[in-house]
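Taking it in order: structure first as structure tokens, then the write-up.
The values are calculated or read from the model by the stated rules, or taken from the named source; none is laboratory data. All of these numbers come straight from a predicted model, not from anything done at the bench. Cβ atoms come from the backbone with ideal geometry, glycine included; neighbour counts cover every protein chain shown. Keep in mind that these areas ignore ligands, DNA and RNA; they rest on the heavy atoms of the full protein, side chains included. Shrake-Rupley method; radii C 1.70, N 1.55, O 1.52, S 1.80 Å.
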Amino acid sequence: MAALARSVLRYSARHEAAASDSFADHVIYGLGESPKWLSAKYFYDAAGSALFEEITRLPEYYPTRTELKILNDRAREISAFIPLAAALVEFGTGSTKKARILLDASPQISAYVPVDISAEFLAQEAASVRRDMPRIAVLPVAADFTRDFDLPAQIRNRPRVGFFPGSTIGNFEPQDAAEFLRQAGRILGSGATMIVGIDLIKDEAVLNRAYDDAAGVTARFNLNLLTRMNRELGGDFDLSTFRHRAFYNAVDRRIEMHLESLRAQTVTVAGRTFQFRNGETVHTESSYKYTIESFRALATSAGWRPAAVWTDERHYFSMHALKF
Ligand code: AVI
């Protein structure tokens with residue numbers, strides 16, 4: 001279900017150029033371009049979501065456990081940036097696990113506003129937080145958090161704190177990340193605080209292993225996109241003729257995931273045929289990595305003032321407090 005939250009992300013400015021939001025139109029558009037590409041938002045069908053949850057538990061995939069450790073270790077310090085009677089607004093609530101750490105550590109929070117595209121999923125999560133934390137007003141908003149949405153009227157006069165963990169912002173092209181932060185500022189209003197989790201640039205071998213794990217789970221996650229196109233769009237991709245590729249692109253400071261064709265072939269999907277050269281790839285995801293300074297510069301360009309940063313001992317991951 002976490003995937004449904006992520007499924008609305010505008011992962012790339014190029015995606016905006018696609019004719020419409022339908023999967024078929026997107027595939028026809030992206031595979032028709034050179035180089036070929038697909039938006040990472042289509043990873044997250046039910047199987048892709050389950051595989052992503054598996055990724056978060058892999059020994060090589062450090063981001064999830066490192067961010068949870070920072071949140072747990074620094075919860076009181078982070079909580080000091082949350083004003084009295086504040087409303088915590090979580091953008092794209094895939095799971096409430098991380099927000100609960102802040103809610104537990106911050107008795108001054110009066111309301112929790114999880115924002116997610118999936119109303120049904122939100123209702124379940126909201127009910128469970130309500131049950132566990134009856135002192136907090138839980139006010140879910142079913143909306144695409146990358147677009148403009150209205151906050152609940154009940155929090156109109158309360159200080160607002162945005163929460164965007166998981167380094168999900170790294171899956172946005174940098175100009176889209178800045179635009180998202182700008183819009184979050186408009187929605188939360190002046191004086192708002194934002195707490196954002198972002199993965200850091202580090203040793204390339206560590207990065208490469210995190211996206212190309214020994215057990216092949218990330219490979220299955222990437223290749224599942226072909227299975228999904230076969231099932232939903234009548235595709236005839238032969239999965240044995242494609243392989244997962246993931247590598248750190250140091251120039252653009254991002255992990256790139258690709259699906260590489262292992263031979264010259266013609267594939268039919270969404271009623272169209274596409275030629276693949278031997279070794280040609282489809283770019284399926286970018287995961288941008290930042291330094292503390294480069295993320296602060298991005299936030300500043302979007303109108304936010306860096307207020308504090310927390311990181312782990314190895315400086316693998318960072319949590320930022322920003323002020324608008
Ligand atoms: C969801 N997102 C932050 C993950 C990331 O690390 O970019 C998606 C992912 N792709 C492969 N592994 C994990």
Which of the strands (runs of 3 or more DSSP E) contained wholly in region 231-299 include at least 1 residues that are more than 16 Å from the ligand (Cβ to nearest atom) and in contact with a strand residue (DSSP E or B) (Cβ under 8 Å, 6 or more places away or on another chain)?
242-249, 254-261, 265-269, 272-276
Please go through (1) open to solvent by 20 Å² or more (accessible area, probe 1.4 Å); (2) of a type outside the set (Asp, Glu); (3) over 30 Å from residue 76 (Cα atoms) for residue 259 and return the number of the only condition it doesn't satisfy.
(1)
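Is it the case that some residue within region 190-197 is within 14 Å of the ligand (Cβ to nearest atom), within 21 Å of the chain's Cα centre (by Cα) and open to solvent by less than 20 Å² (accessible area, probe 1.4 Å)? Step through it out loud before you land on a result.
Keep residues of region 190-197 that are within 14 Å of the ligand (Cβ to nearest atom), which gives 196-197.
Retained after the next criterion (residues that are within 21 Å of the chain's Cα centre (by Cα)): 196-197.
Right, trim to open to solvent by less than 20 Å² (accessible area, probe 1.4 Å) and you get 196-197.
Checked against the condition, which is being within 14 Å of the ligand (Cβ to nearest atom), within 21 Å of the chain's Cα centre (by Cα) and open to solvent by less than 20 Å² (accessible area, probe 1.4 Å), region 190-197 yields at least one hit.
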In region 267-283, the residues that are touching a helix residue (DSSP H, G or I) at 6+ places or on another chain (Cβ under 6 Å) and either open to solvent by less than 50 Å² (accessible area, probe 1.4 Å) or under 22 Å from residue 173 (Cβ atoms) (or both):
269, 270, 274
Which one is surrounded by the fewest Cβ atoms within 10 Å (Cβ to Cβ), of the residues in region 98-125 that are more than 16 Å from residue 160 (Cβ to Cβ) and at pLDDT 95 or above?
107
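So that you can scan it fast, the table gives a plain yes or no per residue for (1) out of contact with any Gly (no Cβ under 7 Å at 6 or more places or on another chain); (2) charged (D, E, K, R); (3) touching a residue at least 60 places away in the same chain (Cβ under 8 Å):
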{"site": "259", "(1), (2), (3)": "yes, no, no"}
{"site": "263", "(1), (2), (3)": "yes, yes, no"}
{"site": "266", "(1), (2), (3)": "yes, no, no"}
{"site": "273", "(1), (2), (3)": "yes, no, no"}
{"site": "279", "(1), (2), (3)": "yes, no, no"}
{"site": "288", "(1), (2), (3)": "no, no, yes"}
Report, by residue number, each residue of region 157-180 that is more than 16 Å from the ligand (Cβ to nearest atom) and either within 15 Å of residue 306 (Cβ to Cβ) or open to solvent by 30 Å² or more (accessible area, probe 1.4 Å) (or both).
157, 158, 159, 160, 162, 175, 178, 179
